[in-house]
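Below is one structure; the comments refer to it alone.
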Amino acid sequence: MSTLEIKDLHVSVITDDAPIEILRGVDLTVTSGQTHAIMGPNGSGKSTLAYSLAGHPKYQVTSGSVTLDGQDVLAMTVDERARAGLFLAMQYPVEVPGVSMSNFLRSAATAVRGQAPAIRTWVKEVRGAMADLGIESEFAERSVNEGFSGGEKKRHEILQLSLLRPKFAVLDETDSGLDVDALRVVSEGVNRYRETGDVGVVLITHYTRILRYIKPDVVHVFAGGRVVESGGPELAEELETNGYVRFTGQPGGVTVGGQR
Amino acid sequence: MAAPTDTAEQTSLDAGSTVVAPAGAPEAHSHVGGRTVRPTAGSHLHPTVSADPEAHRVPTGREEVWRFTPLRRLRDLHADAPFGDGSVDVDWQQPDGVRVAQVRGEEAVALRGASGFVPTDRTSARVLAETGSAVLVDVPAGAVVTEPVVVTVAGRDTATAEAGHVVVRVGAQAHVDVVLVHEGSATLAQVVELQAGDASTVSLTSLQEWAGDAVHLSRHHLSVGRDATVKHAALTFGGDLVRVVATVDYAGPGGSAELLGLYFADAGQHLEHRVTVDHDATHCRSRALYKGALQGEGAHTVWVGDVLIRASAEGTDTYEMNRNLVLTDGARADSVPNLEIETGEIVGAGHASSTGRFDDEQLFYLQSRGIPEDVARRLVVRGFFAEVVQRIGLPLVADRATEIIERELALTGS
């Protein structure tokens, strides 16, 4: 049983001018076995929360704390956080030319598991995980994310999730840009990871569509850089009907199954 | 919601110049830096073309072609350092189907300018005028040499300047891969000529694996035959000062030249590569791809790529690219692509140059998967060079280059 605890987190983004505060006191506690959906309008700071948890250098934590089973996550380097059991599936996975996917996956698994996986079982494991996500085997020899379509990138994020088996996974708009088939495949991948046992999921999304496939235990509404309301799955249904207007004072909001 | 794209550490520049003269200009000339020069010379940047050393002034460092080179470190190679005979050993492997020999006397003299090369500076003129021998790699027409020809030039000391002349002569429709390896300590002035016969496929790779005290001025000239495919690669790792100047011209239509380069400069090293492609025939192709990494105080690299498309060179297809990765503070990469176009009837012409630090987004992504920073940096640098290594396509060269890059990366633990 693990706990990811975020307390009064304030984060600014570093710009050429003065830093701009994006997160204004986020409180969130996720325990293993739970799936939390964080829903909010564009610009509410959802992705900033995701990148801050992963330790992106562009974001500066000005106050508050993040702990994983009592350990100070904010004191860890980016790679230490990953090795401690945090995983961020990115909205925009980065292309790394010249580094093959297979080399990358093996380097990551070696780092996270503390030793290089045995070649024979590793190859089998990767092949199986790729097949589960409908990824052609040729992708193993392609450069990391280079020239991948949006959907291919998202599948590969979930591939990494399934191979690295973190304690907590933060999925940042993993559903955006996916067609219905890809959404189903990716969601099944996330559900398989959830079924491996004691893991927690933070699902960041703008739309309710993905919640049909990945059922959340808790739904949070994110606005103005913090959690403004929390509830059960019924909260998502309310958002589907009424949008974010109640939280932002602005019309418009959730589009059901919407595409951007 | 935008992903973070921190490009503050990354500078991208297009420092090149493009000169376009309208087709059918009344007088064939081009403008370079405000001067008008005749393009009939070997290149607009080498206005003096002569086999006579005295026709070339001793460079002062103010000349365009010498402006980046620290002349005082050249041990007078650019001037009149007397050439010795004996501190450099040449050895080779000779596969079937090719003759490799150190020739002397009249045969050596006859090879001067075998590729059509006429010296463009005092040093290359002196090399041809004064060397009594030449290393000849001779591949008869139609021969297909499956094993690479490896010629090793090993220096024993830097006290005396040495001159070397290498000629690779490949007959029509022949195939050969030649690898020239330089190692040890030397003060070497060199001319390397490649004559690629019609429809031949040739690769010539020059590896500079010198010890830290070597000084090497190397002048390469490639003559690409009709429908010939030539690959040229310069890989420079060692040496105090290494300057490789390669020029390409086409002996007929349909030729293709791929110019590849890879360099890794450490503290205090000056590594300079210049390529000049003179498109004077129709339907020819050229590609240049040079990638370099720099680390340490005073590491300096220079890349200058000149492409000239003459009025006669209709159907030309050219692209040149240089990328530099600056790994530490205190290093400097100069990158100057130039493109001069005298006809609009071409397939394509372009260039790109970028010099930057590590891409923070790539590092973040790799680290976010648990990969420690030093391992992530190595993955990125290996990946950066992988494209060039793959394009060279010789396992022998790939293995050596990979090994040296790993050693370089271990130096600063970057």
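Summary of values
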{"quantity": "Solvent-accessible surface (1.4 angstrom probe) belonging to B:GLU297, in square angstrom, nearest 10", "calculated": "140 Å²"}
{"quantity": "Cα centroid separation - the range B:58-93 against the range B:209-286, whole Å", "calculated": "17 Å"}
{"quantity": "Relative contact order for chain A, counting Cα pairs under 8 Å that sit 6 or more residues apart, in percent", "calculated": "26 percent"}
{"quantity": "J(HN,Hα) series, the range B:399-410, from Karplus relation 6.51 cos²θ - 1.76 cosθ + 1.60, nearest Hz, glycine and proline x", "calculated": "4, 5, 4, 4, 4, 5, 4, 4, 5, 4, 5, 6"}
{"quantity": "Most mobile of B:PRO253, B:PRO337, B:PRO395 in a GNM of chain B (Cα contacts under 10 Å)", "calculated": "B:PRO395"}
{"quantity": "Distant-in-sequence amide H partners of B:VAL168 (H built 1.01 Å from N, under 5 Å)", "calculated": "B:VAL137, B:GLU193, B:LEU194, B:GLN195"}
{"quantity": "Solvent-accessible area buried by pairing B with A, both sides, nearest 100 square angstrom, 1.4 angstrom probe", "calculated": "2500 Å²"}
{"quantity": "Under Karplus coefficients 6.51, -1.76 and 1.60, residue-wise ³J(HN,Hα) of the range B:93-102 in Hz, glycine/proline x", "calculated": "9, 10, x, 4, x, 9, 9, 10, 7, 9"}
{"quantity": "Helix-derived mean residue ellipticity, 222 nm - over chain B, DSSP H n ≥ 4, -39500 (n - 2.57), to 500", "calculated": "-4500 deg cm²/dmol"}
{"quantity": "Whether the range B:12-358 is rounded, prolate or oblate, judged on the alpha carbon gyration tensor where a/c under 1.5 counts as rounded", "calculated": "rounded"}
{"quantity": "Candidate lysines - alpha carbon under 26 Å from A:LYS58, same-chain residues fewer than 8 apart omitted", "calculated": "A:LYS7, A:LYS46, A:LYS153, A:LYS154, A:LYS167"}
{"quantity": "Rounded accessible area of B:TYR319 (nearest 10 Å², 1.4 Å probe)", "calculated": "90 Å²"}
{"quantity": "Dimensionless Rg/Rh of the protein assembly as shown - Kirkwood Rh, Rg from C-alpha atoms", "calculated": "1.07"}
{"quantity": "Theoretical ellipticity at 222 nm over chain A - DSSP helices of four or more residues, -39500 (n - 2.57) apiece, nearest 500", "calculated": "-10000 deg cm²/dmol"}
{"quantity": "Accessible surface, chain B, averaged per residue in Å² (probe 1.4 Å)", "calculated": "37 Å²"}
{"quantity": "Under 5 Å, built H, 5+ apart or other chain: amide partners of B:ALA233", "calculated": "B:LEU204, B:THR205, B:SER206, B:LEU260"}
{"quantity": "Relative intensity, log₁₀ I(q)/I(0), of the range B:259-358 from a Debye sum that treats every alpha carbon as a point, q = 0.20 Å⁻¹", "calculated": "-0.84"}
{"quantity": "Choice from A:ILE214, A:ILE14, A:ILE119 showing the highest fluctuation, given a GNM over chain A with Cα pairs closer than 10 Å", "calculated": "A:ILE119"}
{"quantity": "Exposure of A:TYR59 as accessible area (Å², to 10), given a probe of 1.4 Å and all protein chains", "calculated": "30 Å²"}
{"quantity": "Nonlocal amide H pairs with B:TRP210, under 5 Å, H built at 1.01 Å", "calculated": "B:PHE237, B:GLY238, B:GLY239"}
{"quantity": "Percent of beta bridges antiparallel (DSSP, the range B:12-358, rounded to nearest 5)", "calculated": "10 percent"}
{"quantity": "Pairs of alpha carbons in the range A:3-248 whose separation is greater than 29 Å (percent)", "calculated": "28 percent"}
{"quantity": "Highest-MSF residue in chain B out of B:LEU325, B:LEU77, B:LEU363 [GNM, Cα springs under 10 Å]", "calculated": "B:LEU363"}
{"quantity": "Percent antiparallel among DSSP beta bridges (both partners in the protein assembly as shown, rounded to 5)", "calculated": "25 percent"}
{"quantity": "Cα-centre dipole for the range B:291-369 with unit charges at Cβ (Lys and Arg positive, Asp and Glu negative), debye to 20", "calculated": "360 debye"}
{"quantity": "Heavy-atom accessible surface of the range A:3-248: percent carbon and sulfur, 1.4 Å", "calculated": "48 percent"}
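The values are calculated or read from the model by the stated rules, or taken from the named source; none is laboratory data. Because the structure is predicted, anything quoted here is derived from the model rather than measured. Using ideal geometry, Cβ is built from the backbone for each residue, glycine included, and neighbour counts are taken over all protein chains shown. Only protein heavy atoms, including side chains, enter the accessible area calculation; ligands, DNA and RNA are left aside. Shrake-Rupley method; radii C 1.70, N 1.55, O 1.52, S 1.80 Å.
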